[in-house]
Each structure stands twice: as C-alpha cells, then as structure tokens.
Amino acid sequence: MVLNGNPQGWNRVRPGSDFTIYDDDDFNDNDGTNLDGDAGEPLIPPDSSNTSLIHSTDTACTQTVTSNCNILAPAYIKPEYDLANPNPITPFSRNLTMTVDVTQVAAVPADVQAAFRFDNSAYSDMDEFWAIYLSSAYQIDERWDGDPNGTPAVVGITDSLAGSGQGCLLFLETTRARESSNWNVGPINRNYTVAHEIGHKFSSVHGDSDLMAPSVTNTAPPGSPPVYVYRTVGTFSPITVHRMRGGLVNGGRLRHP
C-alpha cells in the first residue's frame, strides 16, 4: 500500500486505492517528527542501556550520577537478569483492564498478572534470593491511558504491595517521550518508572517520597483546573532504602540474601 504525498499531512484516498498507514509509535524515541512506525525498534534490556539505573554494578545512582549506575546499590542489592522469557510471542492487548480505580487504590493482583507471559512463582518465594517479574504491556485501562494527550496516564504498575505480589509492568505507550510534553521536566521517564515500580515490590509506598513519589500529582482542589506537580527527586529516600535493607518484600519480612 502506497500513498503518494506527505504521510504526515492530510490526503484524499479514492475508494479502492492503495495507501500506507503510518504508526506513530516510536518506542526508542529516535524518529523525531518522522512518523515511520516502530519496526526494528526492540526495547533495550534494562541493564544494557547506558542510561539505565539498574545496571549489575555496585556504583550507586545519585542526583548527579544518573546513568551506568545501580539505583539499588545503597540497599546493598545488585540486580541480575537471569530468567529468560521462554515465550516471546504473546497476544497483543491494546488496553489492560483494571477492575478498580488504580489512581485511588492498589491494583487487583490478578489484573496485572494477566499480562505476565509465564509463571515461575516459586522463584519469588525463596529466602536465598529475590525474584521480580519486570515485564511490559502496551497501555493500561482506557480511563488512564493518556489518550487524548493531556489526559491522565498511568506509566507503570505493580501487582501487589503485600502477600501475592510477583512483579510489575512498564506501559510502553504512555512512557514514550512523544506522549508527554513534560517528559524531561524531572525523573519521570522509563528508567525512573522501572526503578519506582521495583521500589513498590520492596513494599515502598508513594508516601516514602523522593523517587517513590508519583510521577505527577494534581494538586488542584476538586472541581478546579488541574495543577500538575512532577516528581523532582530521582533516588530512593532513606525510608525506602531501609525497607530494602530490612528484607521487607511484598509486605513480608524475608531473610536478606
């Protein structure tokens, strides 16, 4: 299918004519103003990008060291990526349905886990080491998928803070730079979102502040125009580090590896 003319402008297509549909997704944010789709743009594993915050290193991330570092280092945790996905082909779901208002209460674990591609839950229950499923989905429930632009967007979610928790999701569509004009305002991009969600798996909550604060908060009174305040600190607070060092995982106390 080929449409002659500017693919980013308006064009008339006669019935029966061939045309090209351009996907505006740009998962590695390298297209600029070109809408040429996301073919050949695989997601970079979290420990292989030089902008990653969760490298397998002892070098700690700080407010000035924000790449090639390990944000978990202050809690004496070094991430290892050793559980390969045995099923890379999974059905595509445009929106992940939530049965509760996740902007007000914690998600129902089964809602989030529905997007997991495999289940080796025994790995998450061992004292010898901790395992977190860090997976991805396209976007959340239509109520918070950021469409149209400027409406509320959930960029990541964890399945539980206590008990049955196994992992967390990064939403690929709502974490693209093109989807937010404020993406570079502070530490709210994909790297920080991943670290934030991992923090939840150590039972850290938004009230712990710093990196665990919500990426954006509407501070306006009910019924007033929104006033958005973005997260400004990109490292874990002492209280979150304390939770990690103490082995508080999914709300339960585990022996530190």
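The values are calculated or read from the model by the stated rules, or taken from the named source; none is laboratory data. Bear in mind the structure is a predicted one, so any value in this text is a computation, not a measurement. All Cβ positions, even for glycine, are placed from backbone atoms using ideal geometry, and neighbour counts span all protein chains on display. The accessibility values were calculated without ligands, DNA or RNA, using every heavy atom of the protein model including side chains. Shrake-Rupley method; radii C 1.70, N 1.55, O 1.52, S 1.80 Å.
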Selection count, segment 127-149, where residues are in a strand (DSSP E or B) and surrounded by fewer than 17 Cβ atoms within 10 Å (Cβ to Cβ)
0
Does V105 qualify as being part of a loop (DSSP other than H, G, I, E, B), modelled with pLDDT of 90 or more and open to solvent by less than 90 Å² (accessible area, probe 1.4 Å)?
no
Mind checking which residues of segment 207-217 are in contact with a strand residue (DSSP E or B) (Cβ under 9 Å, 6 or more places away or on another chain) and in contact (Cβ under 8 Å) with a residue 40 or more places away in the chain?
S215
Answer with yes or no whether H200 is touching a residue at least 24 places away in the same chain (Cβ under 8 Å), out of contact with any strand residue (DSSP E or B) (no Cβ under 6 Å at 6 or more places or on another chain) and surrounded by 22 or more Cβ atoms within 10 Å (Cβ to Cβ).
no
Here is a check on your reading of the model: is P152 modelled with pLDDT under 90, under 28 Å from N50 (Cβ atoms) and touching a helix residue (DSSP H, G or I) at 6+ places or on another chain (Cβ under 8 Å)?
no
